[in-house]
Structure formats: structure tokens, C-alpha cells
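Let me begin by presenting the structure, written as C-alpha cells, before commenting on it.
The values are calculated or read from the model by the stated rules, or taken from the named source; none is laboratory data. The model shown is predicted, which means the values in this text are computed figures rather than measured ones. Neighbour counts are summed over all protein chains in view; Cβ atoms, including those assigned to glycine, are modelled from backbone coordinates with ideal geometry.
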Amino acid sequence: MNTTTVATTRGPVRGERRGDGSVRFLGIPYAQPPVGHLRFAAPVPPEPWSEPLDATEYGPTAQRRPFAEVTTIPEPSVPGAGVLNLNVFTPATDAVAGLPVLVWIHGGGYVAGSAASPWYDGSSFNRDGVVLVSLGYRLGVEGFLHLEDAPDNRGVRDWIAALEWVRDNISRFGGDPAKVTVAGQSAGGGAVQTLLAVPAAQGLFRGALSVSGAVMRPDGPEVGRAVARLFTARTGVPATVAALRDLGDDELLGLQDRMSTPGPDREGLPPLLSLAPFADGELVPEPVLDALTDGDAGADVPLMLGFTAHEFNGFPAPTPGQPPLPVLLGALGLGVDRIHAFTAAYAAEGPDRLFGQALTDATFRVPSLAAADARAARERSTWLYQFAWESPVTTMASHCLDLPYAFDLLDAEGVAAVVGDAPPRGLADAMHRAWVAFVRDQDPGEAWPRYTAAERSTMVWDTVPRVERDPLRRIRELWSA
């Protein structure tokens, strides 16, 4: 193995040179392992080391099991305690290279996911002069459950600690700390929106890219406390560090499962994403969507955001014994007077896909549209897209389908099973080129105009990418209050 060593502020790390000339450094700790008295604490910088740290294999992941038995993205679970680590993919280790940097936050509903996925490899970005950093963070109960005797939003604190590591170290890997764009998909896209609303994260990145961003709704300190009460009511275990710190991973996941299942005692709580960032009044001062739509959060940060056309359309329809569809639609925020209009508008999807379409709209499209519209009204640099290419495998533009195109990794492990044997490579070229331009120039290029209140120009990523004027107005009309 051809290796090279770079000195970080905590100690030297040894990475692997690859055949394309790039170098990858895997599993670099940005904080101490969150175990023992640190399990539910804010992240603490790692202890210094003097001998080169082997960074040629992925480090431990907070994920101990996949999100579901069948997942779209191959995301390995790596055992070990030091889950607060990151990976650096770089085309240069020249400290004066000054390359733009993309920091990637994985998805997984805030309860799963892994930075060790082959879909998050940085080789194509390195080829195009971008340093890519991917990071791990605490998940589920450990990252996001409100505990009376612990800091809230520990996963958010992990993101900030990783970004601080990037600020202090990325120049040693050829990157420019003043040219950082933070990006992520699903929960990671929600992380990006959250970071825009967190004062402690300001100045750590200059651009933001939210891919299918998922944000808890409703939000606020009262919701965090209500979720903690539900946890205790269902498990009989107090939501405290003292009660949880010494539990094994399997024990904690078992409690998490009991807290997450549906039931009438969840009324008033988010139907999805119960364990997620929430406005605690301190680190996250106000609900994220409120901060993005009514406040000044991210005002000076260029933002690219969007979603796929059929994010969760494959989600199973309600079965006998579950609440009927109108009740479920109401729980997602669809007014009674809008339910008939919604079912009529999406009649072509068929009854089995209506609930999934509602999840797609309520979880991803409506919040992102609200953020884009609010930013456009204040003339803040914003670009909106919808990924509309339908896979021949699923006949949908489903959740996660856009990632191999954006990363230009159509030949990565597991991609063919999702996109088929003949994916449109021109789409990958165009989409990846726009991402690179945004990271480099904070503008995806003249072929994709900004989203404005007058035009609502939206990039539609399809076999032939095109810009359309307000193609999503039906969603806005259906879900308006």
C-alpha cells in the first residue's frame, strides 16, 4: 500500500494514495470516544498522539444495525467505540493548494446511517478539484433524546465539532477552511438546515446544500420533553444519563424501538423523526423551519436545496387496523378541506401510493418549498431542484436515487440494483458538474438561474435536465394553510 502522512493539530495521520492520484484518510478522530462519562456529554477534543495514526480503514460507526432489512444505500456498520471520526478524500496534500471543501453528513433518519458507504466516496470530487470530508455522529437516543442531566442535541454538537476540526486542519489536506460547503441528504439534509439556524455554527461554512432535507415538525423544547416523557412511559426507564449510561448497545436500541412504534399515546408528537434535532432554546434557539422562513438564519449563506419527485411513494399504504387514510393525512398537516383535493390531484398515483405521496410532500417538499420561497422573498441566494428521473427498477424517482448521480459514482457498489443497467450518464455529468460549481463558486452555473419570487425557476433533473418556471405550484396550493 502506498501511503502518505499528514500532521493534524492532534497528531500525524497516515492515509492511502490511490491509483487516480488522490489520497484518502479514513477514521480520523475529531473527538474522544463518547463512552463512560462522555457517552451523553458534549464532544471533547481527542487526546494528542505522537506516532502516525493508521487512517487507511474506515473507523467505527454509531450505526450498530442498518436502518431496515432492505436499504437503498450500502452503509456498513463498523464496531468500536470511537464513532466520532471523519474521512478526508483529497486530490492534494499541499498546504497551499487552497481547494474548496465539501463536508458531507449522511442520512438515516437520525437513528442510522454510516459515513463508510461507497456511495460517499470522494474520488469524483477529487478529480474535479474538491476536497471531500464525510463524518460520523451520535444517533438515536445517544444523539438526540432530551435528557434532564445532559446537553441537548448532542448530534448537532458533533456536527459542529467536526466542522471545527475542518476549520483547524483542512489546509493540511489541501483544502481552504474559508471555502467550506456543508451538505447532506435526508437526515443529513436536515442537519444542513439545522446548522443554518445554529449561531454556534456560523462562520464554519460559506455554502449549504440540503438534499431531501428532513426536519422535525412540530419542533421546540416542549416537543423534546414530550418525546422524553414518551420514552419513559413506554420503557419504564427514566430519560436520564444515570439510567442510560451503562446500558449496552442492544439494550439501548431495544428501548429506542419501543419508543418509536406507532400508538395513540403519540398524539401531538411528530409522526416521523421523534429522535432528531429540536429547538432547545439554547444551542438551537428556535424551530429550524421558523428560523429559515421568518428569521435571518443563513441569510448570507448561498443555499442549494431540493428533493426527489417520489421520495417515500413506495411507503406501504395503511393496512386494516391502522387509522384510515384521511386521519393519517390530517396527522401530516393536511387540512380537512384539502384532503379531497389532494386525493384528486394524485389520483394517477393509485390508492396504494397516496400515503407515500403525502409523506413525500409533508416531510420533504413542503418544508423545502417554504424555505426557498421565504429566502427568495428576501432575495437570498437560493437554487431549488427536483430530481425527476424515474428508475426502471422502481418506476419512481425515489429517496436516495439522486446520490449516485450527484457524486458521479454510477459504478459504485449497489448502484445498479437501484438505477438499472443503463443509467443516463449525461445526467450524472450535468448534476455532478453543478455540485462542483456550487462548492467552488457558490453558484451552480448560468444554466441554472436562482430561485426568485417572480420566476421560481427550478432545475428538473431528468434524462435531459431542464429549468422550469414554478413546476411545484400544485404542492404549494394543496398544502397551504
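Residues of segment 194-226 that are in contact with a helix residue (DSSP H, G or I) (Cβ under 8 Å, 6 or more places away or on another chain) and within 23 Å of LEU334 (Cα to Cα): SER212, GLY213, ALA214, VAL215, MET216, ARG217, ASP219. Set side by side, the residues VAL130, VAL111 differ, and just one is touching a strand residue (DSSP E or B) at 6+ places or on another chain (Cβ under 7 Å) and surrounded by 21 or more Cβ atoms within 10 Å (Cβ to Cβ), which is VAL130.
Looking at VAL460, VAL464, which one is without any contact (Cβ under 8 Å) to a residue 40 or more places away in the chain, not basic (Lys, Arg) and not in a helix (DSSP H, G or I)?
VAL464
Checking each residue in segment 372-411 for being farther than 24 Å from HIS432 by Cβ, out of contact with any strand residue (DSSP E or B) (no Cβ under 7 Å at 6 or more places or on another chain) and modelled with pLDDT of 95 or more picks out ASP373, ALA374, ALA377, ARG378, GLU379, ARG380. Just wondering, is there one or more residues in segment 262-279 that are free of Cβ contacts under 8 Å to residues at least 60 places away in the same chain, in a helix (DSSP H, G or I) and either of a type in the set (A, V, I, L, M) or within 30 Å of LYS179 (Cα to Cα) (or both)? Looking for residues that are free of Cβ contacts under 8 Å to residues at least 60 places away in the same chain, in a helix (DSSP H, G or I) and either of a type in the set (A, V, I, L, M) or within 30 Å of LYS179 (Cα to Cα) (or both), one finds none in segment 262-279, hence no.
In this structure, does VAL227 turn out to be under 29 Å from VAL192 (Cβ atoms), more than 21 Å from the chain's Cα centre (by Cα) and β-branched (Val, Ile, Thr)?
Yes: the conditions hold for VAL227.
Looking at (1) among the hydrophobic types (A, V, I, L, M, F, W, C); (2) closer than 20 Å to VAL301 by Cβ; (3) free of Cβ contacts under 8 Å to residues at least 12 places away in the same chain, find the lone condition where ALA214 falls short. That leaves (3) as the condition not met. When segment 402-432 is limited to residues that are in contact (Cβ under 8 Å) with a residue 60 or more places away in the chain and either aromatic (Phe, Trp, Tyr) or surrounded by fewer than 18 Cβ atoms within 10 Å (Cβ to Cβ) (or both), the one that is nearest to SER212 (Cα to Cα) turns out to be PHE407. Out of SER368, SER381, SER391, one residue alone is surrounded by fewer than 22 Cβ atoms within 10 Å (Cβ to Cβ), under 30 Å from ALA454 (Cβ atoms) and either under 26 Å from the mean Cα position of the chain (by Cα) or free of Cβ contacts under 8 Å to residues at least 24 places away in the same chain (or both). It is SER381. Just to verify a result, which residue in segment 142-169, among those that are buried (at least 23 other Cβ atoms within 10 Å of the Cβ) and of a type in the set (Val, Ile, Thr), is farthest from GLY80 (Cα to Cα)? Checking each candidate, the answer is VAL166.
Listed conditions (1) surrounded by 19 or more Cβ atoms within 10 Å (Cβ to Cβ); (2) touching a Pro at 6+ places or on another chain (Cβ under 6 Å); (3) not acidic (Asp, Glu) are all met by LEU255, apart from (2). Annotation: PHE89 fulfils all but one of (1) aromatic (Phe, Trp, Tyr); (2) surrounded by 21 or more Cβ atoms within 10 Å (Cβ to Cβ); (3) closer than 30 Å to GLY254 by Cβ; the unmet one is (3).
Within segment 104-124, residues that are in a loop (DSSP other than H, G, I, E, B) sit with their Cβ atoms under 6 Å from residues that are among the acidic types (Asp, Glu), at 6+ positions apart or across chains, in these pairs: GLY113/GLU75; SER114/GLU75; SER117/GLU75.
Taking the criterion of being touching a helix residue (DSSP H, G or I) at 6+ places or on another chain (Cβ under 9 Å) and either free of Cβ contacts under 8 Å to residues at least 60 places away in the same chain or of a type in the set (Phe, Trp, Tyr) (or both), the only residue of segment 19-28 that qualifies is PHE25.
Taking segment 5-43, which residues are at negative phi, not hydrophobic (A, V, I, L, M, F, W, C) and not in a loop (DSSP other than H, G, I, E, B)? THR5, PRO12, ARG14, GLY15, GLU16, ARG17, ARG24, PRO29, HIS37, listed by residue number.
Of all residues in segment 18-62, how many are β-branched (Val, Ile, Thr), surrounded by fewer than 21 Cβ atoms within 10 Å (Cβ to Cβ) and within 30 Å of PRO151 (Cβ to Cβ)?
2
From the list ILE105, ILE73, the one residue that fits, being in contact with a Cys (Cβ under 8 Å, 6 or more places away or on another chain), under 27 Å from ALA187 (Cα atoms) and buried (at least 18 other Cβ atoms within 10 Å of the Cβ), is ILE73. Is it true that some residue in segment 323-343 is among the charged types (D, E, K, R), under 18 Å from the mean Cα position of the chain (by Cα) and either more than 30 Å from TRP448 (Cα to Cα) or buried (at least 24 other Cβ atoms within 10 Å of the Cβ) (or both)? For segment 323-343, residues among the charged types (D, E, K, R), under 18 Å from the mean Cα position of the chain (by Cα) and either more than 30 Å from TRP448 (Cα to Cα) or buried (at least 24 other Cβ atoms within 10 Å of the Cβ) (or both): absent.
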